[in-house]
1. Counting only heavy atoms of protein chains, what accessible area per residue, in Å², does the stretch 135-186 have with a probe of 1.4 Å?
2. Residue by residue through the stretch 80-96, which ³J(HN,Hα) values in whole Hz follow from phi under the Karplus form 6.51 cos²θ - 1.76 cosθ + 1.60 (θ = phi - 60°), with glycine and proline marked x?
3. To make sure I understand the rule: partners must be aspartates and glutamates, Cα under 17 Å from the Cα of residue 59, and not fewer than 8 residues away in the same chain. Which ones qualify?
4. Identify all lysines with a Cα-Cα distance to residue 112 below 25 Å; exclude those on the same chain that are fewer than 8 residues away in sequence.
5. Identify all aspartates and glutamates with a Cα-Cα distance to residue 155 below 14 Å; exclude those on the same chain that are fewer than 8 residues away in sequence.
6. How large, in percent, is the carbon and sulfur part of the accessible surface of the stretch 43-177 at a probe radius of 1.4 Å?
7. With the other protein chains left in place, how much accessible area per residue, in square angstrom, belongs to the stretch 61-122 at a 1.4 angstrom probe?
Amino acid sequence: MRGWIRIALVAGVVVVLGGGVAGLWLSRVIGYEPVAGQATFQIEGVVGPDTGAQCPVDKRYVDEQPTGLRDDVLAAYTSLRAKATAEKVTMCLQDGKRSSRQQQAQFDDYVKRFGSRELARNYALPPEESNHVKGVAVDIQPLSAAGWVERSAGKYGWCRRYENEPWHFEYSPDYAKGCPTLLPHA
Ligand SMILES: [Zn+2]
């Protein structure tokens with residue numbers, strides 16, 4: 001083999017191996033393993049449960065599994081629920097994670113029910129704006145349990161956000177310093 005061909009081959013092998021190692025390092029840093037031909041991880045696409053077991057303290061509601069929430073939000077929800085239980089408050093998860101598709105279906109349903117996108121927005125947001133799709137929002141029922149969460153005033157990272165939705169709470173580590181002023185509606 002001619003000298004320059006050998007050098008080119010060795011250089012090629014070094015580039016390929018180096019790229020592989022760098023890719024592996026990058027995937028560790030980013031937190032997911034990119035697979036060729038497969039979409040990268042996006043929380044918006046993660047589907048939440050459509051329904052759950054009956055809420056034991058109020059039959060009008062369900063108690064969904066909190067699956068699909070962002071990891072830190074799931075941990076914060078589990079901890080919130082344990083604190084409620086310790087104070088003899090039974091909390092039910094009426095709704096938590098929704099995928100973009102699930103949120104779109106709900107929004108379309110409200111548009112049909114209320115007659116316009118503007119009116120529907122008071123009750124549900126389109127997927128690109130919804131914090132349920134981002135995996136950081138939960139709807140807590142019954143309202144007695146929601147009231148308990150509201151009175152915690154962000155101590156556990158959970159805050160009520162809207163005047164017209166006493167059941168809707170969002171998580172942020174910043175809320176531990178206190179809840180932001182309520183907005184009139186979504
Ligand atoms: Zn909500």
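1. Numbers: 2300 Å² over 52 residues.
Accessible surface, normalised per residue, equals 44 Å².
2. 4, 5, 5, 5, 4, 4, 4, 9, 6, 9, 8, 9, 10, 9, 5, 6, x
3. Straight-distance partners of residue 59: 50, 95, 139.
4. Straight-line reach from residue 112, under 25 Å: 97, 134.
5. Answer for residue 155, where 14 Å is the Cα cut-off: 170, 174, listed by chain and number.
6. Working: 3590 of 7010 Å².
With neighbouring chains kept in place, the figure for the stretch 43-177 is 51 percent.
7. Details: 3460 Å² over 62 residues.
For the stretch 61-122, the solvent-accessible area averages 56 Å² per residue.
The values are calculated or read from the model by the stated rules, or taken from the named source; none is laboratory data. All of these numbers come straight from a predicted model, not from anything done at the bench. Each accessible area value is taken on the protein alone, full model and side chains, heavy atoms only, with ligands, DNA and RNA left out. Shrake-Rupley method; radii C 1.70, N 1.55, O 1.52, S 1.80 Å.
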